[in-house]
Amino acid sequence: MTTTTALVVTRHGGPEVLALEEREVPDPGPGEALVEVAAGGVNFVDAYKREGIYRMSPPYVQGFEAAGTVRAVGEGAAVAVGDRVAWSMVDGLHAGLVIADSSRLLPVPDDVDLETACAATLQGLTAHALVTGCYPVGEGTIALVHAAAGGVGQLLTQMITSRGGTVIATAGSHAKLEIARSRGASELIDYSDTDDLASEITAAAQRLGATKGVDVAYDGVGKATFDASLASLRPRGTMVLFGGASGQVPPFDLQRLNAGGSLFVTRPSLAHYISEREELMMRGRELFDEISSGRLDIAIGGRYSFADAAEAYRALEGRETTGKLILVP
Ligand code: NDP
C-alpha cells in the first residue's frame with residue numbers, strides 16, 4: 001500500500017491544530033485518478049471548516065484546491081496518466097498524493113504552470129461565476145469590489161474591467177489599494193480609514209457618473225461591509241454577498257430591499273455554479289484561456305511548505321496577504 005504525507009486538522013481551532021500525518025493511498029477505482037499534487041491552494045473556506053463554522057469532523061485531511069499530474073487511473077477515467085490537472089470544491093486535497101473523481105479534473109493548458117493553475121482555480125472559477133452567473137457584467141457596468149487586493153478581489157477587478165466595466169475598490173491599506181489600482185480599479189477607498197463607508201462609495205459612484213448608485217456590489221467581507229454595500233446600489237441593483245471574511249452577516253429585514261429600490265440580494269456558492277460537469281469545464285476553459293492570453297494575471301502572494309501551513313493561514317486570517325497563497329508538498 002502506498003502512503004503519502006497529508007495536512008490534517010486534528011481538532012477544531014486556530015492554525016495551530018494543523019499537523020502533518022502519513023496516510024494510506026488506495027489504488028484509483030473506476031472513474032478515479034491518482035494525482036501527484038504539485039501545489040495546494042490556501043483558502044478562507046479551510047479556516048471556516050477548521051474553526052467549525054462549516055461542519056467538518058476532525059481529524060480530517062484539509063484542502064479544497066490543488067493542481068498536479070495524473071500518475072495512475074482507474075477504469076473509464078476521464079483523464080490519462082501524465083495529464084496536468086487542477087481541481088477544487090472537494091475536501092482532502094492537501095496531500096502529496098490524492099485520489100480524485102476524474103470527471104471533476106480541469107485540464108491545465110501547456111503554457112500555464114501548475115502553481116499558477118492551483119492559485120487560479122477556486123478563486124478564478126468563483127470570480128468567473130460572479131461576473132457571468134450572478135450578474136452579467138459588461139460594457140458600462142459600474143461595480144463595487146470589497147477587499148479588491150485579495151485573491152478573489154484581484155481576479156474580480158481584472159475580469160470586470162476586461163469586460164468593459166468600471167470598479168470602485170475598497171481595501172484595508174494604501175498599499176493594498178495600489179494593487180487594486182494596478183488591476184484596473186478606477187476609484188479607491190481605504191475602508192480602514194473612514195467613519196462613513198456608504199457615503200464614500202456613493203461619492204465615488206457619482207464621480208463615475210453613476211448618480212443613482214452602482215449596478216452591482218461584490219462583497220466577500222460580509223459583516224463589516226454589508227450595510228454599506230446595500231446602500232451603494234442603484235434601484236434594482238444587485239448585491240452579491242459571496243463570503244464573510246469579517247464575520248457572517250446577521251439576519252436582516254427584507255423590507256430594506258424595497259426601501260433601497262427593489263434590490264436583489266444573492267448569496268452564491270461556487271458549488272452551485274459548477275455542479276454540472278459541462279458548466280465546470282466551460283468555466284475552467286474560459287478561465288485558463290484568460291490566463292493563457294494574458295488578460296488575467298494570477299498573483300501568487302506567498303508560497304509555503306506543507307510543514308509551514310499554519311503560518312500561511314495566520315497570514316491570511318490576519319489580513320496580511322495580497323493575492324493567493326499556495327502550499328507545496
Ligand atoms: P482574500 O485574499 O480576499 O482575504 C480576505 C480579505 O478580506 C483580507 O485580506 C482583508 O483585506 C479582508 N478583510 C476584511 N475584514 C477582514 C477580517 N476581519 N478578517 C480577515 N480579512 C478581512 O481571501 P479570498 O480571496 O480567499 O476570499 C475572499 C472571500 O471570498 C472570502 O470571504 C471567501 O470566503 C470568499 N469565497 C467565496 C466563495 C464562494 O463560493 N462563495 C469561493 C471562494 C472564496 P483588507 O485588508 O483589504 O480588508
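Read-outs throughout are calculated quantities, based only on the coordinates presented, and are distinct from any laboratory measurement. All of these numbers come straight from a predicted model, not from anything done at the bench. Ideal geometry is used to build each Cβ from the backbone, glycine not excepted, and the neighbour counts take in all protein chains shown.
Around Leu188, which amide H atoms from residues at least 5 apart in sequence, or from another chain, sit under 5 Å from its own amide H, with H modelled in the peptide plane?
Amide H to amide H, under 5 Å and 5 or more residues apart or across chains, Leu188 pairs with Ala169.
At 222 nm, what value in deg cm²/dmol follows for the chain if DSSP H runs of at least 4 each add -39500 (n - 2.57) and the sum is divided by all its residues, to the nearest 500?
Result for the chain, helices only: -8500 deg cm²/dmol.
Calculate, in nm to one decimal, what Asp91 and Thr3 gain on full extension: separation in residues at 0.36 nm each, minus their alpha carbon distance.
Contour length minus the Cα-Cα distance gives 29.9 nm.
Just going by the charge dipole of the chain, with Lys and Arg at +1 and Asp and Glu at -1 on Cβ, which of Thr69, Ser192, Leu280 is farthest out on the positive end?
Value computed over the given set: Ser192.
Within segment 220-329, list the chymotrypsin sites (Phe, Trp or Tyr not before Pro) lying in a DSSP loop whose Cβ has at most 16 other Cβ atoms in a 10 Å radius.
Phe252
Can you list residues whose amide H is under 5 Å from Gly301's amide H, if they're 5+ apart or on another chain and H is modeled 1.01 Å from N?
Residues meeting the amide H criterion: Lys324, Leu325.
So for the chain, Kirkwood radius off the Cα pairs, Stokes-Einstein at 25 °C and 0.890 mPa s: how many µm² s⁻¹?
For these conditions, the coefficient is 121 µm²/s.
Counting other Cβ atoms within 10 Å of each Cβ, which GluC sites (Glu not before Pro) in segment 223-296 have at most 16 and sit in a DSSP loop?
Answer by residue number: Glu276.
Would you work out the relative contact order for the chain, in percent, from Cα pairs under 8 angstrom that are 6 or more residues apart?
Computed value for the chain: 17 percent relative contact order.
Taking a spot 7 Å from the Cα of Arg303 along the direction of its beta carbon, which residues of segment 38-55 have an amide N less than 19 Å from it?
Once the point is set 7 Å along Cα→Cβ of Arg303, 38-43 turn out to lie under 19 Å by backbone N, inside segment 38-55.
Which whole-number percent gives the relative contact order of segment 236-287, counting Cα pairs below 8 Å spaced six or more residues apart?
The value is 43 percent.
If the viscosity is 0.890 mPa s and the temperature 25 °C, what translational diffusion coefficient in µm²/s does Stokes-Einstein give for segment 235-292 when Rh comes from Kirkwood over Cα pairs?
My calculation gives 174 µm²/s for D.
Residue by residue, what Karplus-based ³J(HN,Hα) values in Hz, rounded to whole numbers, does segment 320-326 have, using 6.51, -1.76 and 1.60 with θ = phi - 60° and x for Gly and Pro?
Couplings: 8, 9, 10, x, 10, 9, 10 Hz.
Going through segment 43-74, which chymotrypsin sites (Phe, Trp or Tyr not before Pro) have at most 11 other Cβ atoms within 10 Å and a DSSP loop state?
Tyr54
Pull out a ≥ b ≥ c, the square roots of the eigenvalues of the alpha-carbon gyration tensor of segment 189-271, then state rounded if a/c is under 1.5, prolate if not and a/b is larger than b/c, and oblate in the remaining case.
In terms of gyration-tensor shape, oblate.
Take every DSSP beta bridge with both residues inside the chain and express the antiparallel ones as a percent of the total, to the nearest 5.
55
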